[in-house]
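Participant: My questions all concern the structure below.
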Amino acid sequence: MVTDRSLVFRYYAFRAASSVGFITPVFTLFMLSRGLSFSEIATLSAIVAVVVTAGEIPTGYVGDRVGRRNSLVVSTALLVASLVGFVWANTYPAFVVLYVLWALGLTFASGSDSAWLYDALRARGAEDRFTRIRGRGESVRRAASVVTMIAGGLLYVVSPAVPFIAAAALNVVGIPVLLSLPKNEGYADGTADRLSVREAASVVRTALTRPELRSFVLYVGIFFGAVSASNTYVQPITVDVLEANVAALGVPEEATIGVLYAAFTGVSGVASYHAATVESRLGLRTAVVGVTVGVAVLLAVPLAVPLLAVPTFLAMRAGDAMLRPVANRYLNDRIEGAGRATVLSAASMAYALIRVPLILAGGVVADAAGPLVAVAGFGGTFLVGAATMSFVVASVFGDTHGTGDVDRS
């Protein structure tokens, strides 16, 4: 039996190895350097969202059938294959293939990651620690990204392909770490309660038609979609800001942006680390509404004052990082164990489905009016959606079971 301390340490090690920080600060710049337009990049991102939408439930079901740890191994292998492929890709069809591989890798991990951790903790009577450990695990991943992002910006100056090779090598390290983790109870001895396809569909339908879950997934899904779509334009906007303020120093913007992205990630890591504290002190409703509305309003600020784009993106990254472990805990507390990965994948599928029109519309707006207008539009879209929901549903967050306004730390 792996001890609690060893289990948490190994989980943190896996989260660190799953970082793609080497490519994060330069990915959009890399795609633009290969001759793609904002609309083409947005279309590729939409393809990812569509594949995620189509693949989330099947891959979540596979995770429930073969084990969440095994599903995470498959995910890592697919992500490594995609990263290596970017080194040689030069055509749009090649990028489509690589984006599909990337999307499948994401879907194999999205439900299984949280489901594995929650069930592993529950088997030890420690499920109340989920938000804290999940948040701190994300903080560890972001801490690893701080270092790799700085290196990624410098490596990009040497050769645009090198950051992808470095990211693939780091992710490969995660495979043996994953294999050292214990399987969830039942999967280790073959006694797990495995759902049939019909049963899995029934579990998803029952869970996501519950008013409190449906409303919560829709609300946070619009926010996650707005943040995800905005992330596409962080690099070109930031490079423009850097060109206007550090060009005189003779430092390549691509190298500087790695340091700046490390700052983004460091702030996000701190926010994720303290997610459980914020949830317990403010309560679910106050924390979620405050973070989402505050970030959405800030997204319009750089349109008026471009120099404030950097602090706006810092706040955006922090808000997203803080909200994700809280949202995962809320859903986990309301899902039965047998179908946990399947239902969590269904929630991720809903997030991806919401993201598709935002990404596509953003690409068109960015090409026509510039990325600052697109980012401001994402914030406005969330505020309109949130305001509409306040009239349609009696309560966005439903009951106070589980992660309600109580201390769960």
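Participant: Scan the range 107-126 and give yes if some residue there is free of Cβ contacts under 8 Å to residues at least 60 places away in the same chain and not in a helix (DSSP H, G or I), otherwise no.
Facilitator: Within the range 107-126, one or more residues are free of Cβ contacts under 8 Å to residues at least 60 places away in the same chain and not in a helix (DSSP H, G or I).
Participant: Select from the range 190-247 the residues that are crowded, with 22+ Cβ neighbours inside 10 Å and modelled with pLDDT under 55 and list them in ascending order.
Facilitator: Once the filter is applied, which keeps residues that are crowded, with 22+ Cβ neighbours inside 10 Å and modelled with pLDDT under 55, the range 190-247 yields only A200.
Participant: While we're on this one: Output the number of the condition that L83 fails; it satisfies all remaining conditions of (1) at pLDDT 90 or above; (2) under 29 Å from L7 (Cβ atoms); (3) in contact with a Gly (Cβ under 9 Å, 6 or more places away or on another chain).
Facilitator: All conditions pass for L83, except number (3).
Participant: Please find, among V326, V291, the residue that is crowded, with 21+ Cβ neighbours inside 10 Å, over 26 Å from V50 (Cα atoms) and out of contact with any Pro (no Cβ under 6 Å at 6 or more places or on another chain).
Facilitator: After ruling out the rest, the residue left standing is V291.
Participant: Test W102 against the stated conditions and say whether it is among the aromatic types (F, W, Y) and farther than 26 Å from G283 by Cα.
Facilitator: yes
Participant: Between a first residue in the range 214-235 that is touching a residue at least 40 places away in the same chain (Cβ under 8 Å) and among the hydrophobic types (A, V, I, L, M, F, W, C) and a second residue that is crowded, with 23+ Cβ neighbours inside 10 Å and not in a helix (DSSP H, G or I), which pairs have beta carbons less than 9 Å apart while being 6 or more apart in sequence or on different chains?
Facilitator: Between residues of the range 214-235 that are touching a residue at least 40 places away in the same chain (Cβ under 8 Å) and among the hydrophobic types (A, V, I, L, M, F, W, C) and residues that are crowded, with 23+ Cβ neighbours inside 10 Å and not in a helix (DSSP H, G or I), the close pairs are A226/L299; V227/L299.
Participant: When the range 254-307 is examined, which residues are found to be touching a residue at least 60 places away in the same chain (Cβ under 8 Å) and outside any helix (DSSP H, G or I)?
Facilitator: Those that are touching a residue at least 60 places away in the same chain (Cβ under 8 Å) and outside any helix (DSSP H, G or I): H274, G283, L299, A300.
Participant: Can I ask one more? Small (G, A, S), modelled with pLDDT under 75 and at positive phi, is that true of G370?
Facilitator: no
Participant: Here are some residues: V73, V96, V66, V100. Which one is modelled with pLDDT of 85 or more, of a type outside the set (D, E, K, R), over 16 Å from V51 (Cβ atoms) and surrounded by fewer than 23 Cβ atoms within 10 Å (Cβ to Cβ)?
Facilitator: Exactly one residue qualifies, and that residue is V73.
The values are calculated or read from the model by the stated rules, or taken from the named source; none is laboratory data. Keep in mind the model is a prediction, meaning the values are calculated, not measured. Glycine also receives a Cβ, built like all others from the backbone with ideal geometry; neighbour counts cover every protein chain displayed.
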